[in-house]
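Sharing a structure, written as structure tokens. Questions coming.
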Amino acid sequence: MDIISENTNFLLAFIIGIGFGFVLEQSGFSSSRKLAGIFYGYDTVVLKVFFTAAITAMLGLLFFSLFGWVDLNLVYVNPTYLYSAIAGGVIMGVGFIMGGYCPGTSFCGASIGKIDALVFIGGLFIGVMIFGAGYSLWDQLYMAKFLGSPKVSETLGMSDGFFALLLILAALGMFWVAELAEKKFPSEEY
Amino acid sequence: MKPLVRLALFIVPLGLIIAAVPQNKTKPYKLTANQLLAEVNTRTQYIAPETVADMMLKKDPTLQLIDVRSQDEFEKFNLTGSINIPITDLLSDKYADVLDQDTKMNIFYSHGTIQANEAWMITRQLGYKNNYVLEGGLNYWFEAILNPQKPASTSSDEEFAKYDFRKSAGQALGGGAVAAQPMISAPVSGPVPPIQGAPKKKKAAGGC
Amino acid sequence: MKEKTPKKYINPYLGGVLLGLVLLAANFISGRGLGASGAIKSCVVTAVTTISPSATESSDFLKEYGKAHAGSPMKNWLVFEMLGVIVGGFLSGAWAGRLNFKVEHSPKITSRKRLIMALSGGILFGFGSQLGRGCTSGSALSGMAVLSLGGFITMMAIFGTAFGLAYFFRKNWI
């Protein structure tokens, strides 16, 4: 958007970041034990926050587009490089179950003093450096199977709105199962 | 009431609405009325027929003539190398890539200039670049290029040069036997405006 | 001295809605979603270039990023956003009384084990986020909000893998 200057954009990024960090911490994402809970059933906060947030933003954008407040063509849609998306995701999955954090939440945890979060961030730097240093070894994989920036709704052959509805129903189903699972564990505050 | 139930009661109706309502596919106008008026007043959209003829003779690959008349009229006569986008179909999705691009120079033409200008105004307002109007349209093209009037003997050298060019161009383009040479010396044709590269969709970079 | 009990975390659904609104604001204002791993990349490029410019030259990955962000790789939307995250997290922790230095770990393992796991997890995650072009915030969350196929695929890969391996790491958490 060239309606606002670059510096204003950075200032707004900072403010949005404050909102991001605040909400994450308020929801408990500064605790690695809470984050890992989804994989064992004792704490499903990740599932609930994640999907509710995605759905809220998705509905928001679709409705804004309906009212003409936003041109969806100008909004960034992440590109799809099929093989690296899967491979990267798998490696991140291992990192997640081991480390209990992801980059965003680790900053959040570090900001309230969690030392394991700080160590995780250190690990992130090392991981990125390894990727950069050995780039020639995996650049083929990194650039393979570029599919453009398709939307899931396009790939499945349905409208954006219909997909949103399906996602909402699926998410509500998952939330219900999650609540049943959580009841089996004693409620502890981490 | 359980939070989950409250949440469901809120988002399910929203989901139903967004699924049911057809997507907003309107193309918004990007230029303000003032901006468009400024362009209209300086007549930046016009391209002289000599310029077009020159490009055709040089086989300039960036040239793309677009006939905005109906299909019937296009089939009866059209300028070599032109494509037909009837003005009634101007906003159809199939032509979006032709009209909104940054590699070629699209030149609208019709009998006169009315329809070509209509096409130009709409596409210009949508923010598309590199679209122009053939000055005088086909009517003037016939008169100037295919049947040029010899200038009076008191006219300037430039007028004569122009006439010579038009004559040979007309013969070459009208299917005559004389092979015309593109004008290299005298600046008969106006300067060809540069192709404006525009990022097709001004997306902010995003990602990780 | 009176021990202050920290405030409770907010209801996850409320948290989700609020987070969604932040994400919506980011998209509306800056035309892009949230992210995190990109900021790490900016820092790495800056650090490596400062310490050893030839190292940046020898890596196409770092070099391209440096070129695309000539001037300063740190002047980047994500870097400013992550600075905000730190401030926001801190404010929230301060307000809720959750500020203290500690190594958070399950009672079944030692702090040392936890830190080793955190470091290893971080290295893997750092590597994976570059390969996958995003982490859970940038690719999965923001990607899902705009219905990106790549975003969904990455998200499923992350969570699927973590679920699949959860059994083997259970001693660390439960």
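Rule-based calculations on the coordinates, nothing more; no lab input. Please read these numbers as outputs of a predicted model, since none were measured by experiment. Note that each Cβ is placed from the backbone with ideal geometry, even for glycine, and that neighbours are counted across all protein chains shown.
Quick check on the exposure proxy: order A:Phe146, C:Phe80 from fewest to most C-beta atoms within 10 angstrom.
Least crowded to most crowded, the residues run A:Phe146, C:Phe80.
Take the alpha carbon gyration tensor of segment A:14-95, find the square roots of its eigenvalues, order them as a ≥ b ≥ c, and report rounded if a/c is under 1.5; if not, report prolate when a/b exceeds b/c, else oblate.
Here segment A:14-95 falls in the oblate category.
Now a separate question. Can you give the net charge of the other residues whose Cβ lies under 11 Å from the Cβ of C:Arg114, counting K and R as +1 and D and E as -1?
Cβ neighbours under 11 Å give a net charge of +4.
Follow-up. In terms of modelled amide H atoms, which long-range or inter-chain residues lie less than 5 Å from the amide H of C:Val103?
Close amide H contacts, sequence-distant or interchain: A:Ile115.
Rank-order C:108-121, A:119-132, C:139-152, B:87-100 by packing density, defined as the average count of other C-beta atoms within 10 Å over each peptide's residues, highest first.
C:139-152, A:119-132, C:108-121, B:87-100
Follow-up question, since we're still on this one. Give, as a single signed number, the net charge of other residues whose beta carbon lies under 10 Å from the beta carbon of C:Leu78, with Lys and Arg counted +1 and Asp and Glu -1.
After counting each charged neighbour, the total is +1.
Moving to a separate point now. Rounded, prolate or oblate: which one fits chain A, using the alpha carbon gyration tensor with axes a ≥ b ≥ c (rounded when a/c is under 1.5, else prolate when a/b beats b/c, else oblate)?
rounded
In addition: Explain nothing, just compute: Karplus ³J(HN,Hα) = 6.51 cos²θ - 1.76 cosθ + 1.60, θ = phi - 60°, for every residue of segment A:49-55 in order, whole Hz, x for Gly and Pro.
Per-residue couplings from phi come out as 5, 4, 5, 4, 5, 4, 5 Hz.
Pairs of alpha-carbon atoms within less than 8 angstrom and 6+ residues apart define the contacts here; what relative contact order does chain C have, in percent?
Relative contact order, chain C: 25 percent.
A further question on this structure: Classify segment C:1-53 from the C-alpha gyration tensor, please: rounded if a/c falls under 1.5, else prolate or oblate depending on whether a/b exceeds b/c.
Oblate is the answer for segment C:1-53, as a/c is 1.5 or above yet b/c matches or exceeds a/b.
Taking chain C as a Gaussian network, where each spring joins two C-alpha atoms under 10 Å apart, which residue of C:Glu81, C:Glu64, C:Glu104 fluctuates the most?
Top of the fluctuation ranking is C:Glu104.
When Cβ neighbours within 10 Å are restricted to other protein chains, what is their mean count per residue of peptide A:150-156?
Counting Cβ atoms of other protein chains within 10 Å of each residue's Cβ and averaging gives 4.
Taking the Cβ of each residue in B:Trp141, A:Trp138 as the centre, tally the other Cβ atoms inside 10 Å and list the residues starting with the fewest.
Fewest-to-most Cβ neighbours within 10 Å comes out as A:Trp138, B:Trp141.
Another one. Residues with amide H under 5 Å of B:Ile107's amide H, sequence separation 5 or more or different chain, H placed in the peptide plane at 1.01 Å from N; which?
B:Gln64, B:Leu65, B:Ile66, B:Tyr132
Considering every residue in C:50-58, what mean count of other chain Cβ atoms within 10 Å of its Cβ is obtained?
Per residue, the average neighbour count from other chains is 1.
What are the residues whose amide H is under 5 Å from the amide H of A:Val70, where those residues sit 5 or more places off or on another chain and H is modelled from the backbone?
Result for A:Val70 returns A:Ser65.
Then there is this: In peptide C:109-115, how many Cβ atoms from other protein chains are near each Cβ within 10 Å, on average?
For this peptide, the per-residue mean of nearby foreign Cβ atoms is 2.
While we're looking at this one, here's another question. If we sort A:16-22, A:169-175, A:101-107, C:95-101 on the protection proxy, mean other Cβ atoms within 10 Å, highest first, what's the order?
The packing order, highest mean first, is A:101-107, A:16-22, A:169-175, C:95-101.
Sticking with this one: In this model, which of A:Lys34/A:Lys151; A:Lys145/C:Lys67; B:Lys94/B:Lys129 are farther than 20 Å apart at the alpha-carbon?
A:Lys34/A:Lys151; A:Lys145/C:Lys67, as the Cα separations exceed 20 Å there.
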